[in-house]
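Q: This structure is in structure tokens; I'll ask about it shortly.
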Amino acid sequence: QVQLVESGGGLVQAGGSLRLSCAASGRTFSSYTMGWFRQAPGKEREFVAAISWGGGYQYYADSVRGRFTISRDNAKNTVYLQMNSLKPEDTAVYYCGTPGPIATMDPLKYDYWGQGTQVTVSS
């Protein structure tokens, strides 16, 4: 069993920054890929970023590449999403999850999810 708790969301103006955190417990965190997804009202959950178990590989959606950075601290069982140059279209509930050891952008392959944290970007 895995428990994931996201934090760090909020309201920010366009062009601003936020850093999301996802604290994990209940599993060998350092052995698993971690990913961030987001879901806007009326839309499907979409891939944002993922990071390999050791942090050596990062994957990004085209819409956030160059603006968002995913990282992890295995000593703290935490994964981060640094979001810069935020745009109104980034507004969504952001979720972290894990698919196990193999990185994937397919949300159906993620076994565990947090409760989500709201990010709202005003224009």
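The values are calculated or read from the model by the stated rules, or taken from the named source; none is laboratory data. Since the structure is predicted, the reported quantities are computational estimates derived from the model, not experimental observations. Counting neighbours? That spans all protein chains shown, and the Cβs are built from the backbone with ideal geometry, glycine included. All accessible areas refer to the heavy atoms of the entire protein, side chains included, with ligands and DNA or RNA removed. Shrake-Rupley method; radii C 1.70, N 1.55, O 1.52, S 1.80 Å.
Q: Condition check: modelled with pLDDT of 95 or more, more than 12 Å from the chain's Cα centre (by Cα) and not charged (D, E, K, R). Does Ala40 satisfy that?
A: On the way: modelled with pLDDT of 95 or more: yes; more than 12 Å from the chain's Cα centre (by Cα): yes; not charged (D, E, K, R): yes.
Spelling it out, Ala40 is indeed modelled with pLDDT of 95 or more, more than 12 Å from the chain's Cα centre (by Cα) and not charged (D, E, K, R).
Q: With the requirement that a residue be open to solvent by 60 Å² or more (accessible area, probe 1.4 Å), part of a loop (DSSP other than H, G, I, E, B) and in contact with a Ser or Thr (Cβ under 9 Å, 6 or more places away or on another chain), what does the stretch 58-75 give you?
A: Residues satisfying the conditions are Gly66, Ala75.
Q: Please list, ordered by first then second residue, the pairs with beta carbon atoms under 6 Å, 6 or more apart or interchain, first in the stretch 29-48 and closer than 12 Å to Tyr94 by Cα and of a type in the set (S, T, N, Q), second modelled with pLDDT of 95 or more and not in a loop (DSSP other than H, G, I, E, B).
A: Gln39/Ala92; Gln39/Val93
Q: Which of the residues spanning the stretch 3-29 are modelled with pLDDT under 95 and open to solvent by 20 Å² or more (accessible area, probe 1.4 Å)?
A: Listed by number, the residues that qualify are Gln3, Ser25, Gly26, Arg27, Thr28.
Q: For Tyr32, all conditions in the list (1) open to solvent by 50 Å² or more (accessible area, probe 1.4 Å); (2) within 13 Å of the chain's Cα centre (by Cα); (3) modelled with pLDDT under 95; (4) not basic (Lys, Arg) hold save one; what is the number of the exception?
A: With respect to (1) open to solvent by 50 Å² or more (accessible area, probe 1.4 Å); (2) within 13 Å of the chain's Cα centre (by Cα); (3) modelled with pLDDT under 95; (4) not basic (Lys, Arg), Tyr32 is out only on (2).
Q: Let me ask another. Give the residues of the stretch 83-118 that are exposed (fewer than 15 other Cβ atoms within 10 Å of the Cβ) and in a strand (DSSP E or B), sorted by residue number.
A: Result: Gln118, single match.
Q: Can I ask one more? Would you pick out the residues in the stretch 1-57 that are hydroxyl-bearing (Ser, Thr, Tyr) and either part of a strand (DSSP E or B) or under 18 Å from Val119 (Cα atoms) (or both)? Working first, answer last.
A: To start, the set of residues in the stretch 1-57 that are hydroxyl-bearing (Ser, Thr, Tyr) comprises 7, 17, 21, 25, 28, 30-33, 52, 57.
Residues satisfying the conditions are Ser7, Ser17, Ser21, Ser25, Thr33.
Q: I would also like to ask the following. Out of contact with any Gly (no Cβ under 8 Å at 6 or more places or on another chain) and either surrounded by 13 or more Cβ atoms within 10 Å (Cβ to Cβ) or closer than 21 Å to Leu18 by Cα (or both): does that describe Thr78?
A: So Thr78 passes the test.
Q: Tally up the residues in the stretch 35-57 that are polar (S, T, N, Q) and open to solvent by less than 20 Å² (accessible area, probe 1.4 Å), please.
A: Looking only at that region, the number is 1.
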